[in-house]
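S.K.: One structure, pasted below without further comment.
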There are 2 protein chains.
Amino acid sequence: MDTAPPDRSPTLDDVAERAGVSRSVASRAINNVGNVSAPKRAAVQRAVRELGYIPNPSARALATNRIGAVVLAVATDQPGIFADAFFAQVIYGISVALEPTDFTLTLVLAGRPEGRAKLQQIVRSRRADGIMLMNLHGDDPLTKLAEQATVPVVYGGRPLRGEPRWYVDTDNRGGARLATEHLVEAGHRRIATITGPLSLEVAEARYRGFRDAMAVAELPAGRVEHADFSEAGGAAAMTRLLQAYPDLDAVFAASDNMAAGALRVLRAHGRAVPGDVGVVGFDDLQTAQHTDPQLTTVHQPVPALGAEMTRMLLSVLDGARPTPLILPTRLVVRGSTRTTDRR
Amino acid sequence: MDTAPPDRSPTLDDVAERAGVSRSVASRAINNVGNVSAPKRAAVQRAVRELGYIPNPSARALATNRIGAVVLAVATDQPGIFADAFFAQVIYGISVALEPTDFTLTLVLAGRPEGRAKLQQIVRSRRADGIMLMNLHGDDPLTKLAEQATVPVVYGGRPLRGEPRWYVDTDNRGGARLATEHLVEAGHRRIATITGPLSLEVAEARYRGFRDAMAVAELPAGRVEHADFSEAGGAAAMTRLLQAYPDLDAVFAASDNMAAGALRVLRAHGRAVPGDVGVVGFDDLQTAQHTDPQLTTVHQPVPALGAEMTRMLLSVLDGARPTPLILPTRLVVRGSTRTTDRR
DNA sequence: GGACGGACTGGAAGCGCTCCCAGTTTCAGG
DNA sequence: CCTGAAACTGGGAGCGCTTCCAGTCCGTCC
């Protein structure tokens, strides 16, 4: 018997020996780089199959300085951000885009200092070939880390200041504008908005889109409360809005969660939706379909966001120099807004 | 000037040279293994600091055959499973538990064949030191993979058949029992249930808990429809239930999403909740608070599930032999059930 | 004072792979 | 039949780290 010892997984040398070629030829055959004659290539492939050979990634990484991993870093310290499906959907998109490749996804929650340190460690020690960075707040120290990184960084959403070289974003401004225009068309005039935290570019952009539409419609855009994208925050903001502007007849909430909170408060105050007050959200997460009435909202392609970030990063790693990408949004009309002008 | 060339990150040799010791001593000092005198240890630490030395993980992995990564594999092919926050919460728990360690989290969606192949690749090539495996269906081929794996596998939830050596689960049966008992105590007698797919142990366990409680209360447990844990599936099942058992006065749905769907159908059929029909869900995800009325449900500690899986895996990697862990559930009473017996 | 044991040390051998480069073979063209 | 270029091959030098082990140094005890 000359079967390989079963307690050790086969190495490239084993493959080479079995195929009757040198290690270099085996390596070249396996990696599909040139200069291997057809018969030897076939012999190597056969040996690989017979031995069940799998290259050792550590050894390969050591030799090539390429790891075969990308990291998704989410810059948040609040568990709440993981309370809805947004990031799950992003991750899903990334995973699908990564499937046909040999890359692996590493996940880092870079909110709290420990997580940041970890990300820094990963980046500095080259445990990943590239970074996807999401949810940066205005003055986030991660921006610096990203700038100094020796591996490419693709942003998901833009940071508040500066324009990174590579990013994928959603058309937040356009979407917010769409939502507001929809309310205007339905005959609403005293439209309020609940924004997200303005230290987030996405919140800022949606607020700007709201003001764009209001300006075009020549309506006052002063009915504003700020919240934190959460249901509770939305509810609190709605309460404040009702107190400050009891005459409001519509609300554009910059997230579905906040819209859900607003809906709850409106019902508690006896305001009918959409009869008395129209409500539009943003995101089109599952939540939007669970509210009563179901939420008219702006759909953004969340898995596509993850997938496109991944594709962009991979193309950069591949030497390409892609341009930033803005994904489209669209309005999904459900039950929380009237579709016809009643006045 | 004899500063290190800036284009190359410092290696262990650089550290050793600067500290005036040999590479071996430097290595031992850095890894805190014995036989290094105090002054040399201090010298090494100083050199590490001054040079900003970070060990190269690939080289270390190659030499030690330990990678410093664990993988979370989610055995699903439906994007829907990522539509709610469940897995996001698990991931959050894992990340937090991993933070104080040097381990990194790799995520694999092992639903579709490509993903499975990838997981297999990762396991066989030792790209990870251990696996956390979730959401196994009854006859999932991954079970085999897990059995053959040379690295430890911790299950999140039990597989339908067999009892793995290491797992963390939620007390699904007890929770379902709690939920059903609650309905019984509120005076309901014609209680139906909407189960999850019974190829999932979790669905099976919750169904069993329901029957447990019904048996104790000496009530018939035949009002049953099966669904897929989703909102739409829950709605469809509710429709079927109403048709088959128009007299039902309560529903235990095995997930919040299905309960939300049930709620929607009940309202459409003019059944008041909780007046005419009491509804209890399971999970206590965010959804449960967004429905109208808010959902009485069984709370399960999802981040803790992730965290405990992680801790268990790490302890196994550390040589310990922990026993399986069942996390407690508790009933959260909200608006979808009456709290007092009205009859 | 010499021998012995324990604490340290550092040279060197890998871990498994890639890739440079020198050498060999092949073959077309003159 | 010879020459030179092109195609292919395989030896070997790393990549940066851990760890075995033989050796050195020291203090101590008889």
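S.K.: Compare the peptides B:154-160, B:139-145, A:221-227 by average per-residue count of other Cβ atoms within 10 angstrom and give them in order, highest first. Mind showing how you got there, number by number?
M.R.: On the way: B:154-160: 22.9, B:139-145: 16.6, A:221-227: 18.6.
Sorting B:154-160, B:139-145, A:221-227 by mean packing, highest first, produces B:154-160, A:221-227, B:139-145.
S.K.: Given label points at 7 Å from Cα along Cα→Cβ, what nm distances, shortest first, separate B:Leu327 from the same residue in every other copy?
M.R.: Taking the point 7 Å beyond Cα along Cα→Cβ, the inter-copy spacings are 2.8 nm.
S.K.: Over 28 Å apart: what share of the alpha carbon pairs of chain A falls there, rounded to a whole percent?
M.R.: 52 percent
S.K.: When we measure straight from the Cα of B:Lys40, which lysines land under 30 angstrom away, once same-chain ones fewer than 8 places off are left out?
M.R.: A:Lys118
S.K.: Of the heavy-atom accessible surface of the stretch A:12-55 (probe 1.4 angstrom), what whole percent is carbon and sulfur?
M.R.: Heavy-atom surface of the stretch A:12-55 belonging to carbon and sulfur, 1.4 Å probe: 45 percent.
S.K.: On a 0 to 90° scale, report how tilted helix A:201-216 is relative to the longest principal axis of chain A, with both axes built from alpha carbons and the result rounded to the nearest 10.
M.R.: Long axis of A:201-216 versus the principal axis of chain A: about 40 degrees.
S.K.: A further question follows. Give me the accessible area buried between chains B and A, both sides summed, with a 1.4 Å probe, in Å² rounded to the nearest 100.
M.R.: What B and A bury together is about 4800 Å².
S.K.: Tilt of helix A:38-51 relative to the longest C-alpha principal axis of chain A, in degrees (0 to 90, nearest 10)?
M.R.: 80 degrees
S.K.: Another question, then. Could you state the orientation-averaged shadow area of the convex hull built on the Cα atoms of the protein assembly as shown, in nm² to one decimal?
M.R.: 37.5 nm²
S.K.: Sort all Cα-Cα distances of the stretch B:1-156 into consecutive 5 angstrom bins from zero, then give the percent of pairs in each bin up to the one containing the longest distance.
M.R.: 2, 8, 15, 15, 13, 11, 9, 9, 8, 6, 3, 1, 0, 0
S.K.: Which distances in nm, rounded to one decimal and ordered from shortest, link the label point of B:Lys144 to the equivalent label points in the other identical copies, with labels set 7 Å from Cα toward Cβ?
M.R.: 5.3
S.K.: Sorted from shortest, what are the nm distances separating the label point of A:Gly68 from equivalent points in the other copies, each placed 7 Å from Cα along Cα to C-beta?
M.R.: Distances to the matching label points in the other copies: 1.8 nm.
S.K.: While we're here: At a Förster radius of 30 Å, what calculated FRET efficiency corresponds to the Cβ-Cβ distance of A:Thr64 and B:Thr150, to the nearest 0.05?
M.R.: 0.75
S.K.: What percentages make up the Cα-Cα pair-distance distribution of the stretch B:172-300 when the bins are 10 Å wide from 0?
M.R.: 15, 54, 30, 1
S.K.: What is the spin-label model distance, in nm, from A:Asn31 to B:Thr101 if the labels are put 7 Å beyond Cα along the C-beta direction?
M.R.: For A:Asn31 paired with B:Thr101, the spin-label model returns 3.2 nm.
S.K.: For the stretch B:12-55, how big is Rg over Rh, using alpha carbon atoms and the Kirkwood form of Rh?
M.R.: Over the Cα atoms of the stretch B:12-55, Rg/Rh equals 0.90.
S.K.: State the Cα centre-to-centre distance between the stretch A:276-343 and the stretch A:172-215 in whole Å.
M.R.: Going from one Cα centre to the other spans 14 Å.
S.K.: Putting +1 on Lys and Arg Cβ atoms and -1 on Asp and Glu Cβ atoms, find which of A:Leu145, A:Ala29, B:Val151 reaches farthest to the positive end of the dipole of the protein assembly as shown.
M.R.: A:Ala29
S.K.: Compute the acute angle (0 to 90°) between the alpha-carbon long axis of helix A:256-268 and the principal axis of greatest extent of the alpha-carbon atoms of chain A; round to the nearest 10°.
M.R.: With both axes taken from Cα atoms, the answer is about 30 degrees.
S.K.: Take peptide A:95-104, look around each residue's Cβ out to 10 angstrom, count Cβ atoms belonging to other protein chains, and average those counts.
M.R.: Partner-chain Cβ atoms within 10 Å, mean over residues of A:95-104: 5.
S.K.: Kindly rank A:112-120, B:265-273 from highest to lowest mean number of other beta carbons found within 10 Å of each residue. Each step should come with its number before you reach the end.
M.R.: Values: A:112-120: 18.4, B:265-273: 15.4.
Ranked from most to least packed, the peptides come out as A:112-120, B:265-273.
S.K.: Return the average number of partner chain Cβ atoms within 10 angstrom of each residue Cβ along peptide A:106-116.
M.R.: Partner Cβ neighbours, averaged per residue: 4.
S.K.: Under the definition of partner shielding as Cβ atoms of other protein chains within 10 Å of a residue Cβ, what is the mean value for peptide A:129-135?
M.R.: Average neighbour count from other chains, rounded to a whole number: 0.
S.K.: Using the Cβ atoms and a cut-off under 12 Å, what net charge is assigned to the surroundings of B:Ala16, where Lys and Arg are +1 and Asp and Glu are -1?
M.R.: +1
S.K.: Pop the C-beta distance of A:Leu198 and A:Gln45 into the FRET formula with R0 = 60 Å and round what comes out to the nearest 0.05.
M.R.: That pair, A:Leu198 with A:Gln45, gives E of 0.55.
S.K.: Work out how much length A:Ser125 to A:Arg8 would gain on full extension: take 0.36 nm times their residue separation and subtract the Cα-Cα distance, in nm to one decimal.
M.R.: Working: separation 117, 0.36 × 117 = 42.12 nm, distance 2.85 nm.
The span from A:Ser125 to A:Arg8 would gain 39.3 nm if fully extended.
S.K.: Once you charge only the Cβ atoms, +1 for Lys and Arg and -1 for Asp and Glu, what is the size of the charge dipole of the stretch B:188-343 about its Cα centre, to the nearest 20 debye? Kindly include the intermediate steps, with their values, before the conclusion.
M.R.: Working: 17 positive and 17 negative charges, 82 e Å.
In total the dipole reaches around 400 debye.
S.K.: A:Ala268 to A:Arg208: FRET efficiency via 1/(1 + (r/R0)^6), r the Cβ-Cβ distance, R0 45 Å, to the nearest 0.05?
M.R.: E(calc), rounded to 0.05, equals 0.90.
S.K.: Where does each of A:101-109, B:52-60 land if you order them by average Cβ count within 10 Å, highest first?
M.R.: A:101-109, B:52-60
The values are calculated or read from the model by the stated rules, or taken from the named source; none is laboratory data. Here the structure is a predicted model, which means the values were calculated and not measured. Backbone-built Cβ (ideal geometry, glycine too); neighbour counts: all protein chains shown. To get the accessible areas, we keep the full protein, side chains included, count just its heavy atoms, and leave off ligands, DNA and RNA. Shrake-Rupley method; radii C 1.70, N 1.55, O 1.52, S 1.80 Å.
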